[in-house]
Every structure is written in C-alpha cells, then in structure tokens.
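The values are calculated or read from the model by the stated rules, or taken from the named source; none is laboratory data. No experiment lies behind these values; they were computed from the predicted model shown. Positions of Cβ are backbone-derived with ideal geometry, glycine not excepted, and every protein chain shown enters the neighbour counts. Heads up: the accessible areas ignore ligands, DNA and RNA and are worked out on the full protein's heavy atoms, side chains in. Shrake-Rupley method; radii C 1.70, N 1.55, O 1.52, S 1.80 Å.
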Amino acid sequence: MFGSARYVDPASQVGVTHDKSRHNSSPPSIHHTAHCSPERHRGTGRHWPPKRLADDAFWVPSSEHLGAVYTPDAGHVSDPQLAAANLADAAVRQGAVFMLSRAVTRVIRRSGRVAAVLLDDGTRIDTGIVVNVAGPWSGRINELAGVGDDFTVSLRPLRQEVHHVPGPAGEGGTAATGMCVADIDLGVYLRAEVGGGLIFGGTEPECDPLQWVDDPDDVGTDVTKAVFEAQATRAARRLSTLTVPNRPRGVVGVYDVTDDWTPIYDKTNLPGYYVAIGTSGNQFKNAPLVGGFLRTIVDQTENGVDHDLHPAVFRAPYTGHTIEPSAFSRLRPMNEKNSGTVLG
C-alpha cells in the first residue's frame, strides 16, 4: 500500500469476524512519503492511466495523491519451485504417479464418454475420469477431447515476463516491509524476494501490447530489455530509491488466460472429462482449494447430479464457509467486474 492511503478494515465492511490482534496497529508505508508532497517524493503520486516510457506524459510530475487498500492477511509464495515440489511429494504420498516428459496425443471416447488417454510414447491410460489441468496447453488438450464448443469464454496462451532487481535502499522500502504491492495506477506489481531483492511484473495496462502465442512450446525464454526497462522504471517511479540495472534479469513464462481473466473449474459436455483451466497466472496459491472444487464437482456429477442445473457447493474445511464453483462455470456470462489483469 502507499503512505498517503487511508487504512480500511475490509473484514468489518462485510461483517466477517477476525482476530484484530494479529494485525499491526497501522499499515506500513512506502519510503516515508505520507507527509511529503507528490512533487518532492513521487512514491505516492497518482499517475493514472499507465503510460509507456516513450510517452512524454509518463514523466510529468504528479499533482495528486494516491489511495490504496491494505490487506494484512494477504501474502505470497516466495519460492514457487519449492512449493510445487512439496505439493508433488504430498501427492505421491497419497498415491499419485507422475509421468514426466510425456505428451498427450489422443483422448479416447467409448460409448459417449471419456475412456482413455494416449501418450506420445504409446502408453495408454484407461480411465473413466480425466481432469485437464494442462495450463497453457489446456486448449490443445480440449481440442483433442473435442470439447469447448459450448464454452462462453475462450482461453489463449500469453507470454509473460517477471523481473528481478536488488531491493530499494532505505527504511520503508518494499524489501524491508515484505509487502506485495498491486499498483494498477502505474501498471506494475512488485514484492520483496528472499535475499533482499525485488520481483516485479506488469498488470496488463492498455498501453502495453499483450504477447499472445499460438504454441507455448515455441516461446522464447529470455527476458527482453524493452519490457524490463518499462517495468523497472515504473517500479522506480513508485520506489524513489530503487536502482535500475543495465542488464535485465528475470524469468519468462506462459499464462493460460481466459477472456475475463477468471478460471474455468467445471465439467464439460463430454461425460467424465473435467477442466481446471484458464488460471491466468493468479491461482497458484489456490491450488489445494481448486482440488477441492474439482473433487466436489466430480463426485456430484459422477453420482448423477447435473452440475449445470444443480451447481455443486464446496464447504471450506477450516472456515466452514460455502463456496459455489459455478462462478467458474464454462457457461458463465463474461465477468465484467474482474480487473482484467493477472491480479484477478
């Protein structure tokens, strides 16, 4: 959040009981700019809408302060590779088998429902239930299964870059507070990284072209100087002590993006074939919960209850809250209230 923002307690606004003793008495700030003018310290200046660096308006000093929402219970996974490995180990202990470096070449039907999956090495896996969780390859798998014609939202692979720089100096920098900042005002998100670094990426502002791809296997894995400079300079606009290196560092990945940046967790018109797709780069932390959604949908559907007509209801195991996965239906109307970005 930003130093000039007013603290809002979201839980009290929606009537949710929570333990206030777990929260700090006041939210942290970025580079002690709460009492400084935007002209002197640009950290809390308002720059909306986001602009490209080539636009002279990008460099115009701000004359307005920026507000923000502070969410103390939010967080991020600092080591996704380790987290993924831990999830895989837990799955193996529950009986899961990983068949790595294999490609699905065919989804076989029998008597009107899914019957088997054929791999590129000739292996045939006979099964009455298939769940497509193929990420940016999910559209390709759907084509093999012959599903998707009734989907009201489509999905496409999108190339993305995430960059790394040394953390900003000075007390109050993001590296010191450990915050994750979603800055749609400038078109960048950023968070602290283990070791004092800073990770940042884009929020898909309208001024930046999206890098849609036809084949995820053909995506170049090197970060580009142009994208790095744009995102790093936007981050430096917010964090005045941030130093932008000359050489870009970061990673390249591919998102599986739906039209409204909302996932699809659902059955399909092929009995026995289910999907958990279109996660749009923002569902990693939700993976265990998504597994619960799919189990609920599969159990109900395979027991003869049509999820389209009578949507399944998932009960959260710890809070007891009920969630309707129908919000992620393949047949849903376009989610116009979504941010239209990786932030969901």
Mind ranking K225, K337, K267 by accessible surface for me, highest first, 1.4 Å probe? K337, K225, K267
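Can you pull the percent of Cα pairs in segment 214-265 with separation above 15 Å? Mind showing how you got there, number by number?
Values: 822 of 1326 pairs.
Considering segment 214-265, 62 percent of its Cα-Cα pairs are separated by more than 15 Å.
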Can you list the aspartates and glutamates whose alpha carbon is less than 18 Å from that of K225, not counting same-chain residues fewer than 8 positions off? D55, E161, E204, D208
Gain in length, C207 to A83, computed as 0.36 nm per residue apart minus the alpha-carbon separation, to one decimal in nm? 41.3 nm
Relative to a virtual label point 7 Å from the Cα of T319 in the Cα→beta-carbon direction, which members of segment 266-296 show backbone nitrogen distances below 11 Å? none
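All other residues with a Cβ under 12 Å from the Cβ of I141 taken together, and with Lys, Arg as +1 and Asp, Glu as -1, what is their net charge? Intermediate values should be presented prior to the final figure.
Details: positive: R106, R140; negative: E143, D256.
Around I141, the surrounding residues sum to 0.
Once you have the Cα-Cα distance between V305 and R46, take 0.36 nm times their residue separation minus that, and quote the gain in nm to one decimal. Mind dumping the intermediate values first?
Numbers: separation 259, 0.36 × 259 = 93.24 nm, distance 5.09 nm.
Full-extension gain reported as 88.1 nm.
Among 295-302, 130-137, how do they line up from the highest to the lowest mean number of other beta-carbon atoms within 10 Å? Numbers along the way, then the final one.
Numbers: 295-302: 17.0, 130-137: 19.8.
The densest-packed peptide leads the list: 130-137, 295-302.
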Residue-normalised accessible area of segment 253-336, expressed per residue, 1.4 Å probe, Å²: 48 Å²
Kirkwood estimate for segment 298-344, i.e. one over the average of 1/r between Cα atoms, Å: 12.7 Å
What's the long-distance tail for segment 213-344, i.e. % of Cα pairs beyond 26 Å? 41 percent
Calculated FRET efficiency for the pair R93/T71, C-beta based, R₀ 35 Å, to 0.05: 0.60
Of L100, A116, V77, which is farthest along the charge dipole of segment 71-142 in the positive direction, counting Lys and Arg as +1 and Asp and Glu as -1 at C-beta? A116
Between L144 and D218, what length in nm is gained on full extension when 0.36 nm per residue of separation is reduced by their alpha carbon distance? 24.7 nm
So how exposed is H76, as accessible area in Å² (1.4 Å probe, rounded to 10)? 70 Å²
Taking the Cα atoms of segment 55-192, what is the range of coordinates along each of the three principal axes, in descending order and whole Å? 67, 37, 27
